[in-house]
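Please treat every number below as a calculation from the coordinates, not as lab data. Keep in mind that this is a model prediction, so the values were computed, not measured. So basically every Cβ, Gly included, is an ideal-geometry build from the backbone, and we count neighbours across all protein chains shown.
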Amino acid sequence: MSPLKFTERKMKMICLLLAAICSPVFTEDWKANVVKELDALVTSCVAIPCSFTYPKDNLPSSKLRGIWHLSDPPTSLVYHEDQTRVLDNFKGRTHLLGTLGQNNCTLEMAKVKDHDSGPFCFQIELAKTNEPTRDKFSFVEDCVTLKMLHEPPTPTLTKPDTATVGRSYTVTCSVKHTCSSHQPTLTWSRSTDVDVKSYREIHSGNWEVQSILTFTPEEKDDHEDITCTATFNGMKTSTAKFTLYVKLYILDIVYFGPVQHIGRMILISILFVCIFMLKKYNMWNRNSLILFPSSSWRVTW
Ligand SMILES: *[C@@H]1O[C@H](CO)[C@@H](O)[C@H](O)[C@H]1NC(C)=O
């Protein structure tokens, strides 16, 4: 690579970097970013991620008002800080999880009904100084459609194929959901064991709850059914189950296993048989010496 080319590349990279740093300043405009489609479990809740940008310099956030409405007709309000203006169907079921001052218009819808599919669109209103009227900024392209789930997703179990007596065993149970404000709870049939829970966002609005169960299997745990139950907000549940097969290491069988006595008895028996055979052989040898003095016969025998 020539030195000229190298500096050219370097310049290009610096320019790109500068552009990346500066662009938000120039492009900051009225813009909303709403997830396009999201699953929603009927009876549970759904949290619809939403963020927006606006030209900050001349606008205090206290003058902002966030509204969610149906795409058709847009006058039907799904969320408004003044509850009386909200459609009866949505009264008391919607609230903003996000803080508008932090450019966050995330909406929570509780007790989802099977006809709540939307599309729902975000709109922002801005109070003009010294005027009762408000400017409206609608983001008609930024609407969300909810896909209704009547049954909750089933948890996924990840585990090693076999468990071994006395050796630590780990099972992971995870389930997906779309209500980050009320995560489902995961419970195990083995309630005495320790489990570690974690939550993560897979992609916009889609979350996963995970529970890791760790225990040390005993012989009595063989063929035990282990279940992981997910209880969603709204009390719908789903379950995943597997049967535990506990194995013993081959060395463990001899030393600690359930057949240890049999094992020892067989070992001792073999030992006795060997000693007996050895003695008998020697006796025959001596006898043969007496009975058949000819060494040639002994060789062939
Ligand atoms: C918006 O607010 C919600 C609820 O508080 C939060 O979970 C989410 O992370 C926020 N989004 C951003 C981009 O800050």
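Odds and ends about this structure:
- Within-11-Å neighbourhood charge of Thr178 [Cβ basis; K, R +1; D, E -1]: -3
- Tensor-based shape of segment 156-247 (alpha-carbon gyration tensor, a/c under 1.5 rounded, otherwise prolate or oblate): prolate
- R0 of 35 Å, Cβ-Cβ distance Met265-Thr239: FRET efficiency to nearest 0.05: 0.20
- Packing-based ranking, highest mean first, of 235-244, 99-108, 39-48 given that Cβ atoms within 10 Å are counted: 39-48, 99-108, 235-244
- Segment 103-121-segment 145-216 distance, computed between alpha-carbon centres (Å): 25
- Proximal charge balance of Leu100 [Cβ under 12 Å; K/R count +1, D/E count -1]: 0
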